[in-house]
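Here is the structure we will look at, set down as C-alpha cells.
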Amino acid sequence: PTVMREVYLEPPKIRWTDIGGQAEVKQSLREAVEWPLKHPDIMAELGITATKGLLLYGPPGCSKTLTAQALATESGLNFIAVKGAEILNMYVGESERAVREVFRKARIASPSIVFFDEIDAIGSTREGKQNSGVNVLTTLLNEMDGIEMLRGVIVLAATNKPELLDPALMRPGRLDTILYVGPPDRVAREDILRIKMNKMKIAGDVDTKELAEWMEGYSGAEIVSICDKAGHGAMKDCLRDGKISPIAKSHFEFALARVERQITPT
Ligand code: ATP
C-alpha cells in the first residue's frame, strides 16, 4: 500500500519573520493557538471556547504552507502534516484508516496541530464523488467532531479551491475560522524581497522599493523565483568574467521579464 509521508514532531524551522506581509493572518493564528494555551483562565472566565479548526484559502504561492510551518515552529506544538492527495490515493478503506490514524497521533502528541494541505482533495463536496471519497470525507468530519472533548488538538487546513469544499467542513466547531491568504500588496512584496535578498549578495543599484512596485500582481513564490533567476544570471556573469560581482539591477530586470504572472493581479 501507499506509504503516507508526513512531518511528525519535526516541523520545518520557518519563523513568522520569514514570511513577508500577512500580518492579520499571522495574528489570527497566534490568537487561535496561543490564547487557549496561555490564558485558559481568562477564556473560561469569559465563557468562550477555543477555535478548533482554521481554513487558509487563497491563490497558489502566497504562503499558506509557509504559514502553517511558521505556526508549528513558533507555537512549539507538535505538528502533523498530511497532503490531501496522498490520503485519497490509497486503496479502498486505507484512506479512512489513514485519516483516523492522523487524529490518533495528534491526540497522543497533544497539544498539537494537524495540518491538511490541499484539503480539497478529500474535502470537496459529496456530489459527483465515488463512494470511497464520500467515506473519507465522512471520516474526516467525524474525527473533527470527536476532538471536541479533547483539548489541545487544532486542525489547520489549506486550499486554493475553497469553492470545491463541502460546506459541512466549515460548520461551527469544524473549520469555522476562515482566513484569506491573498497576494502580497506593495509593502508585503518589499518585505518578501528583503527577506530573500538578506541571503544574497546584492549590488548597490538594486532598489527594493522600485522592484516591489514593478512586481504588482506577482505571488510570493514568483517574487522569490525572480530573485533566484536574477541570481542565476549574475552567476553566469561571474563565470564569464572570472570574478565575483554582486547581483545587479540589470539581472533583476532580465529575470522580471521572464517570470510570468500566474495569479490575478491585485
Ligand atoms: P500552494 O497553494 O501552491 O500550495 P502556498 O500558498 O501554500 O501555495 P507556499 O508553499 O507557502 O504557498 O509558498 C511557496 C514559496 O513561495 C515559499 O516556500 C516561499 O519561498 C515563497 N513565498 C510565498 N509567499 C511568501 C511570503 N509572504 N514571504 C516569503 N516567502 C514567500
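The values are calculated or read from the model by the stated rules, or taken from the named source; none is laboratory data. Worth saying up front: this structure is predicted, and the values here are computed from it rather than measured. Because the Cβ atoms are built from the backbone with ideal geometry, glycine has one as well, and the counts that use them run over all protein chains shown.
Each row is one residue, and each column tells you yes or no for (1) within 15 Å of the ligand (Cβ to nearest atom); (2) hydrophobic (A, V, I, L, M, F, W, C); (3) assigned to a strand (DSSP E or B).
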site	(1), (2), (3)
A157	yes, yes, yes
R194	yes, no, no
K199	yes, no, no
G204	no, no, no
L211	yes, yes, no
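Considering only region 72-99, state which residues are among the β-branched types (V, I, T) and in contact with a strand residue (DSSP E or B) (Cβ under 7 Å, 6 or more places away or on another chain). Break it down into steps so the answer makes sense when it comes.
Start the filter on region 72-99 by keeping residues that are among the β-branched types (V, I, T), which leaves 73, 80, 82, 87, 92, 99.
I80, V82, listed by residue number.
Annotation note: of G173, G182, the sole residue that is closer than 30 Å to A157 by Cα, in a loop (DSSP other than H, G, I, E, B), in contact (Cβ under 8 Å) with a residue 24 or more places away in the chain and more than 16 Å from the ligand (Cβ to nearest atom) is G173.
Test I87 against the criterion of being modelled with pLDDT under 90, outside any loop (DSSP other than H, G, I, E, B) and closer than 28 Å to Q262 by Cα, and give yes or no. Outline the logic, then answer.
Details: modelled with pLDDT under 90: yes; outside any loop (DSSP other than H, G, I, E, B): yes; closer than 28 Å to Q262 by Cα: yes.
Judged against the criteria, I87 is a match.
Only residues that are part of a helix (DSSP H, G or I) and more than 10 Å from the ligand (Cβ to nearest atom) were counted across region 214-243, and they come to 15. Looking only at residues of region 66-80 that are in contact with a helix residue (DSSP H, G or I) (Cβ under 7 Å, 6 or more places away or on another chain) and of a type in the set (G, A, S), we find that the one that is modelled with the lowest pLDDT is S75.
Going through region 251-266 one residue at a time, which ones are without any contact (Cβ under 8 Å) to a residue 12 or more places away in the chain and part of a helix (DSSP H, G or I)? Matches in region 251-266: E253 only. When S63 is tested against (1) at negative phi; (2) at pLDDT 95 or above; (3) among the polar types (S, T, N, Q), exactly one condition is not met: (1). Hey, among A32, A50, which residue is in a helix (DSSP H, G or I), surrounded by 15 or more Cβ atoms within 10 Å (Cβ to Cβ) and more than 8 Å from the ligand (Cβ to nearest atom)? Residue meeting the stated conditions: A32. May I ask you to verify whether L56 is more than 15 Å from the chain's Cα centre (by Cα) and at pLDDT 95 or above? No; evaluated as a whole, the condition is false for this residue.
Selection within region 244-258: residues that are closer than 15 Å to T208 by Cα and among the aliphatic types (A, V, I, L, M). The member of this set that is farthest from the ligand (Cβ to nearest atom) is A248.
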